Structures are given as C-alpha cells and as structure tokens.
Amino acid sequence: MNGVRKSVSKLFLATFGMFLFGFALVPIYDVFCEITGLNGKITGPTFSEYESVGNRELNIIFTTTNNKDMPWFFDSEDSQMKVKTGEQYFMEYVFTNTSEKPMIAQAIPSVSPGRGAQYFHKTECFCFEQQHLEPGESISIPVKFVIDPDLPKDISSLALGYTLFDVTKEYMLKQASN
C-alpha cells in the first residue's frame, strides 16, 4: 500500500512538473526568438531614423499560410515589392472570418533567410495582437516595416511569412481562469 502511494505521488509530481514546464515554454521561446531572430521576433527601431538611407534596393516577398484548422481567408495585398533600405514601407493584409462563429486568430511571423531577420524591423504589425472577427467579418490591417541599411550585401531579397492560428479556445480558457 505504501509503494502504491509513493508511485502515485511521483506520478502526480511528474505531471505537475510537466504542466509547469509547458507554461514556462512560451516566455522561454520568446526570449530565445528575441536573441536569435527566429520567427522574426527581433527588437528594433520603432520608427525609421537612419542617417544614411543609401540606394540599395531589394525584393521583399510576402507569404501567408493558415494553420490546418484555421478556416479564415488571409492574404497580403501584393505578393512582393521592391524596397530601399532605411525607408519605411507598409503592406496591407486582409483577414476574413469565413466560419459561422466568432473566432480569434493570432499571426506568427517569420523572416527568411533567418540571418536577415535581425535587419527586418516591423514597426507596426498585427502579429503583436490577436484578431477577433465575427462570422463573415473582414478587416484590412497594415504591417509597417523598415529594412536596416546594414543588411549583408549578399542578401538581395527577404521573405516575410505569416502563419495564422485559431486561438479561440486558448483565449476562452484564459478568460475563464481569470
């Protein structure tokens, strides 16, 4: 009987430990992404104030993907644009809730190639907030960005990609626990 109690206690502690580890992963991941530039999470200037803009031109490619369980329409206004380093630009993105229920979405960015992420500064982005849309509702939101003039010379194009996730259940669980 004592051995069973000991085993149950160990299993409970292991389960509780895994639960805590799961909660700790999000802030750990955010710190990791900020340091490494993974998924475009780089802190940078909040506005474009570069002393020398230069004439360097490059191509920015915009991609959008929906997670497998996300029924929304999600796309950029254009698939690519030519930009000059040090100048601020924006791209409009359209979100449409094509489901028959209210939903909440979160877009996760990524920049390719990865070593170019630290030079791609989003000064305004829908990825900083969750998007709540009613059934059939549609919104258009810009992403404002600037490419750092210190971008390595061998990088002639960057791709800004977003994956859209349904976070409705997570949002509801968080609201219920508050």
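Summing Lys and Arg as +1 and Asp and Glu as -1 over all other residues whose Cβ lies under 13 Å from the Cβ of residue 92 gives a net charge of -3.
Cross-link list 82/122; 84/144; 82/144; 101/122; 68/144: which exceed 23 angstrom alpha carbon to alpha carbon? From 82/122; 84/144; 82/144; 101/122; 68/144, over 23 Å: 101/122; 68/144. Other residues within the sphere of radius under 10 Å centred on the Cβ of residue 119, judged by their own Cβ, net out at -1 (K and R +1, D and E -1).
Just so you know, all these numbers are worked out from the coordinates, no wet-lab data involved. These figures come from a predicted structure and were not determined experimentally. So basically every Cβ, Gly included, is an ideal-geometry build from the backbone, and we count neighbours across all protein chains shown.
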